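Here is the structure we will look at.
The values are calculated or read from the model by the stated rules, or taken from the named source; none is laboratory data. No experiment lies behind these values; they were computed from the predicted model shown. Every residue, glycine as well, gets a Cβ built from its backbone with ideal geometry; the counts of neighbours run over all protein chains shown. Note: accessible area is taken over every heavy atom of the protein model, side chains too, but ligands, DNA and RNA are not part of it. Shrake-Rupley method; radii C 1.70, N 1.55, O 1.52, S 1.80 Å.
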Amino acid sequence: MTNMISAEGRKKLQERYDFLWETERPRMVKNMADAAAEGDRSENAEYIYSKKRLREIDRELRHLGDRLKVLKVVYPPLNPTLVSFGCWVTYEDEEGEERSYQLVGPDEFDVSLGKISVDSPVGKALLGKKVDDEVLIRRPAGDLSVTITAIASKRPQ
């Protein structure tokens with residue numbers, strides 16, 4: 001797994017960590033204590049739920065803490081000529097349909113926002129390519145041939 005992340009992605013992970021640590025975890029601890037004070041814990045749904053949720057929060061906090069320690073913030077080049085981390089890549093497929101994606105780290109990908117991981121099959125296929133290169137993207141749904149039409153450091157309009 002790649003240990004690169006954008007500055008925006010790093011900020012979001014840190015905000016998630018801080019929210020869990022400062023807000024969500026103390027709330028669950030209080031819920032658990034309140035539920036425990038009601039008596040029999042074995043049949044207390046609120047106590048059982050709070051205890052389970054607290055384990056989930058602690059697991060996520062450990063994961064985020066471990067990732068935040070090793071992630072390196074990487075900025076896209078200002079005038080990229082090759083596809084690299086952080087770049088926005090626009091390509092045209094065989095049907096003439098254009099798509100634009102930003103190559104980001106695996107901790108921040110969100111296809112609905114146009115962010116794909118450099119570790120994904122598409123990301124790996126595009127890395128190191130330049131405008132007008134034909135690229136074969138091997139996908140579970142079948143191979144896709146695309147032509148890179150633009151590379152930019154900012155999202156295309």
Can you find, within the stretch 1-29, the residue that is nearest to Ile116 (Cα to Cα) among those that are part of a helix (DSSP H, G or I), touching a residue at least 40 places away in the same chain (Cβ under 8 Å) and not charged (D, E, K, R)? Gly9
Looking at (1) open to solvent by 60 Å² or more (accessible area, probe 1.4 Å); (2) hydrophobic (A, V, I, L, M, F, W, C); (3) in contact with a helix residue (DSSP H, G or I) (Cβ under 9 Å, 6 or more places away or on another chain), which is the one condition that is false for Val135? (1)
Can you tell me which residue is surrounded by the fewest Cβ atoms within 10 Å (Cβ to Cβ) among those in the stretch 91-132 that are part of a strand (DSSP E or B) and of a type in the set (Lys, Arg)? Arg99
Can you tell me which of (1) among the aliphatic types (A, V, I, L, M); (2) outside any loop (DSSP other than H, G, I, E, B); (3) surrounded by 12 or more Cβ atoms within 10 Å (Cβ to Cβ) is the one Leu82 doesn't meet? (2)
For residues in the stretch 138-157 being in contact with a strand residue (DSSP E or B) (Cβ under 9 Å, 6 or more places away or on another chain) and not in a strand (DSSP E or B), which is least open to solvent (accessible area, probe 1.4 Å)? Ser153
Being in contact with a Phe, Trp or Tyr (Cβ under 6 Å, 6 or more places away or on another chain), within 29 Å of Asp18 (Cα to Cα) and touching a residue at least 24 places away in the same chain (Cβ under 8 Å), is that true of even one residue in the stretch 126-148? no
Looking at the stretch 113-139, which of its residues are over 16 Å from Trp88 (Cβ atoms) and touching a Pro at 6+ places or on another chain (Cβ under 7 Å)? Asp119, Ile137, Arg138, Arg139
Can you tell me how many residues in the stretch 85-109 are under 18 Å from Arg10 (Cα atoms), of a type in the set (Gly, Ala, Ser) and touching a Gly at 6+ places or on another chain (Cβ under 8 Å)? 1
